[in-house]
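Structure record follows, encoded as structure tokens.
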Amino acid sequence: MYDVNAIRADFPILAREVNGKPLSYLDNGASAQKPRAVIDAVTQAYEMEYANVHRGLHFLSNLATDKYEAVRGKVARFLGAPREEEIVFTSGTTEGINLVSYGWAAPRLEAGDEIVLSVMEHHANIVPWHFLRERQGVVLKWVEPEADGSLPAQKVIDAIGPRTKLVAVTHMSNVLGTVVDVAAIAKAAREKGVATLIDGSQAAVHMPVNVAEIGADFYAITGHKLYGPSGSGAIHIRPERMAEMRPFMGGGDMIREVSREAVSYTDPPMKFEAGTPGIVQTIGMGVALDYMMDLGMENIAAHEARIRDYAREKLFGLNWLTVQGDAPGKGAIFSFTLEGAGHAHDISTVLDKRGVAVRAGHHCAQPLMEHMGVTATCRASFGLYNTEEEVDRLVSALELCHELFA
Amino acid sequence: MARDEFEEIVETFEFLDDWEDRYRHVIELGKAMAPLPEAQKVPATKVEGCASQVWLVPEIEGKGADAVLRFEGESDAMIVNGLIAVLRALYSGSTVAEAQAVDAAAELKRLGLDEHLSSQRSNGLRAMVARVRAVAEKAAAA
């Protein structure tokens with residue numbers, strides 16, 4: 001039994017008011033709120049268990065290291081990774097993808113080599129590849145979604161050519177909620193000797209993810225969307241790809257020996273974790289993952305599917321609202337504009353006055369905005385604690401927008 | 001006489017109790033403003049730093065501190081467009097010396113609209129006020 005009210009009670013911020021109205025937090029696609037367990041873990045770490053990790057031999061250093069390193073196993077379990085050594089900690093998906101761009105792709109891709117990516121990628125899965133285009137002549141090959149926002153795996157597979165070295169696609173669109181069959185893409189790419197990177201920023205929050213079943217080479221997630229602290233994240237990397245990677249950042253923690261003449265590196269995954277990491281953030285992410293796994297990803301997905309169906313029916317019932325994307329099996333993320341009147345900023349301003357938090361803008365996905373022929377949309381993105389009542393508040397506030405901006 | 005126009009808005013606002021009616025009025029003020037000719041919506045008149053688009057066309061009549069400032073503006077967002085109308089009422093027709101002395105945030109606070117001038121808002125109003133002040137300063141120094 002999924003008791004959403006009990007779950008809401010775990011998130012202190014959800015009890016607050018905004019502009020004199022109960023908060024309806026529908027901006028989970030940007031960042032999620034944190035349960036008490038995460039907040040307490042962060043406090044506990046700083047109050048009782050803090051020191052630098054992997055360094056000293058004193059009590060607190062050992063304790064902090066144990067707590068921090070235990071998260072690697074949690075991430076592995078959360079993602080269905082066979083071994084925790086396949087998990088590299090990052091500050092978030094952006095760092096994870098940049099690590100692959102600098103550490104794996106930059107040394108291997110030559111001018112004319114191709115990277116296949118979809119038009120609905122987040123900028124974090126676009127700009128690191130543009131770097132390679134600018135700096136070494138790598139060609140970006142774009143795959144467009146269908147009119148309903150779906151992205152057929154075959155379309156991505158068909159874009160793979162003889163010069164393609166990497167396919168970089170999202171598992172779930174942060175704008176449209178479209179879920180992509182990344183397992184089919186990874187399988188076909190592997191058969192052609194092409195690597196795959198999956199941006200799991202959104203998908204891992206909303207559905208069970210098993211990287212062993214997906215079979216991609218790289219799968220990146222970010223802690224702050226997973227109800228954990230900002231500045232935490234991880235990327236799963238297949239061992240054979242990890243062996244091919246050179247370090248991205250250099251510094252403490254990733255070396256074996258440093259002399260005036262030479263440097264040798266420690267073994268992966270720490271080889272790719274230079275400097276003092278986000279120790280407490282990572283510990284907090286581990287608690288957040290425990291929280292989600294305790295609820296059960298299947299249960300979270302089922303709850304959000306109910307919210308999605310309810311919101312879909314309500315939003316599509318507003319004939320003056322244009323909802324972008326309606327791919328079958330999509331996540332509970334809705335982007336919309338008001339027919340003819342009212343900029344996304346107008347809508348979000350009015351919604352905010354009603355205590356409804358949504359995102360307005362290009363959602364770090366400008367190529368998708370251009371493809372859809374809009375400059376900005378509003379986005380309502382739901383999470384494990386959202387309710388039908390909040391959908392109703394959103395709809396009621398949208399009706400006011402319709403009246404104000406008509 | 002621009003300030004009279006602004007004081008009228010303040011008076012109207014005193015009769016409007018809730019934010020919905022106030023926003024409705026702001027939107028109406030924006031709609032009542034003549035739209036900018038398309039030819040004037042160019043990069044030079046666009047105010048940087050706006051997620052919604054804002055254009056501002058200032059005009060200076062006369063010389064020195066007594067020169068009169070006027071401007072026309074437009075935004076593709078209705079509330080921002082209305083706020084431009086409010087700012088135009090606040091500034092337009094005043095001398096450049098007066099314009100420099102205006103505390104826009106304090107004036108908008110009288111309308112309960114000062115939140116739109118906070119640095120976190122990316123609606124461009126802050127950048128717009130900065131542009132108006134810069135134009136006034138430059139004219140006063142000329």
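Assess whether B:V54 counts as being surrounded by 14 or more Cβ atoms within 10 Å (Cβ to Cβ), more than 14 Å from chain A (Cβ to nearest Cβ) and either of a type in the set (G, A, S) or under 26 Å from B:K138 (Cα atoms) (or both).
No; evaluated as a whole, the condition is false for this residue.
Of all residues in region A:251-294, count the ones that are buried (at least 16 other Cβ atoms within 10 Å of the Cβ) and either free of Cβ contacts under 8 Å to residues at least 40 places away in the same chain or not β-branched (V, I, T) (or both). Steps first, please.
As a first pass, look at region A:251-294 and keep what is buried (at least 16 other Cβ atoms within 10 Å of the Cβ): A:253-255, A:265-266, A:268-274, A:277-292.
Subsequent filtering for residues that are either free of Cβ contacts under 8 Å to residues at least 40 places away in the same chain or not β-branched (V, I, T) (or both) retains A:253-255, A:265-266, A:268-274, A:277-278, A:281, A:284-286, A:288-292.
Matching residues across region A:251-294 total 23.
Name every residue in region A:76-99 that is open to solvent by less than 40 Å² (accessible area, probe 1.4 Å) and within 27 Å of A:G149 (Cα to Cα), in order of residue number.
A:L79, A:G92, A:T93, A:G96, A:I97, A:N98
Kindly indicate the residue of region A:338-375 that is farther than 27 Å from A:R16 by Cβ, among the aliphatic types (A, V, I, L, M) and assigned to a loop (DSSP other than H, G, I, E, B) and also farthest from the other protein chains (Cβ to nearest Cβ) among those meeting that condition.
Residue satisfying both the conditions and the ranking: A:A365.
Output the number of the condition that B:E98 fails; it satisfies all remaining conditions of (1) open to solvent by 60 Å² or more (accessible area, probe 1.4 Å); (2) more than 14 Å from B:V135 (Cβ to Cβ); (3) among the charged types (D, E, K, R).
Against the list (1) open to solvent by 60 Å² or more (accessible area, probe 1.4 Å); (2) more than 14 Å from B:V135 (Cβ to Cβ); (3) among the charged types (D, E, K, R), B:E98 comes up short only on (2).
The conditions are (1) over 21 Å from A:V350 (Cβ atoms); (2) within 14 Å of chain A (Cβ to nearest Cβ); (3) crowded, with 17+ Cβ neighbours inside 10 Å, and B:T45 fails exactly one of them. Which is it?
(2)
Return the residue satisfying two criteria in turn: it lies in region A:190-210 and is within 8 Å of the chain's Cα centre (by Cα) and of a type in the set (A, V, I, L, M, F, W, C), and of such residues it is farthest from A:P239 (Cα to Cα).
A:V205
Only residues that are open to solvent by less than 50 Å² (accessible area, probe 1.4 Å), within 14 Å of the chain's Cα centre (by Cα) and either of a type in the set (V, I, T) or modelled with pLDDT of 75 or more (or both): list them for region B:115-142, please.
Across region B:115-142, the qualifying residues are B:L125, B:A127, B:M128, B:V129, B:V132, B:V135, B:A136.
Just checking, how many residues over region B:67-90 are under 16 Å from B:E115 (Cβ atoms) and more than 14 Å from chain A (Cβ to nearest Cβ)?
2
So which of B:D21, B:D4, B:D17 is within 14 Å of chain A (Cβ to nearest Cβ), open to solvent by 40 Å² or more (accessible area, probe 1.4 Å) and assigned to a helix (DSSP H, G or I)?
On inspection, the qualifying residue turns out to be B:D21.
Pick from A:E240, A:E261: which is in a helix (DSSP H, G or I) and more than 22 Å from A:S31 (Cα to Cα)?
Residue meeting the stated conditions: A:E240.
If only one of A:H58, A:H123, A:H130, A:H54 is more than 27 Å from A:M207 (Cα to Cα) and in contact (Cβ under 8 Å) with a residue 60 or more places away in the chain, which one is it?
Values: A:H58 fails: in contact (Cβ under 8 Å) with a residue 60 or more places away in the chain; A:H123 fails: more than 27 Å from A:M207 (Cα to Cα); A:H130 fails: in contact (Cβ under 8 Å) with a residue 60 or more places away in the chain.
Result of the check over A:H58, A:H123, A:H130, A:H54: A:H54.
Out of the residues in region B:57-80 that are among the β-branched types (V, I, T) and assigned to a strand (DSSP E or B), state the one that is most open to solvent (accessible area, probe 1.4 Å).
If we take residues in region B:57-80 being among the β-branched types (V, I, T) and assigned to a strand (DSSP E or B), then B:I60 is most open to solvent (accessible area, probe 1.4 Å).
Just name the residue that is surrounded by the most Cβ atoms within 10 Å (Cβ to Cβ) out of those in region A:169-221 that are in a strand (DSSP E or B) and without any contact (Cβ under 8 Å) to a residue 60 or more places away in the chain.
Going through the qualifying residues, I end up with A:I198.
For region A:327-349, which positions are surrounded by 24 or more Cβ atoms within 10 Å (Cβ to Cβ), more than 19 Å from the chain's Cα centre (by Cα) and among the hydrophobic types (A, V, I, L, M, F, W, C)?
Within region A:327-349, A:A344, A:I347 qualify.
Please enumerate the residues belonging to region A:157-182 that are of a type in the set (D, E, K, R) and closer than 20 Å to A:A305 by Cα.
Of everything in region A:157-182, just one residue is of a type in the set (D, E, K, R) and closer than 20 Å to A:A305 by Cα, namely A:D181.
I'm trying to understand the selection: among the residues of region A:219-256, which are modelled with pLDDT of 95 or more and among the acidic types (D, E)?
Correct list: A:E240, A:E244.
Answer yes or no as to whether A:P35 is crowded, with 19+ Cβ neighbours inside 10 Å and either in contact (Cβ under 8 Å) with a residue 24 or more places away in the chain or on the phi < 0 side of the Ramachandran plot (or both).
Answer is yes for this residue.
The values are calculated or read from the model by the stated rules, or taken from the named source; none is laboratory data. Because the structure is a prediction, the values reported are computed rather than measured. Positions of Cβ are backbone-derived with ideal geometry, glycine not excepted, and every protein chain shown enters the neighbour counts. Accessible surface is based on the protein model in full, side chains and every heavy atom, while ligands, DNA and RNA are left aside. Shrake-Rupley method; radii C 1.70, N 1.55, O 1.52, S 1.80 Å.
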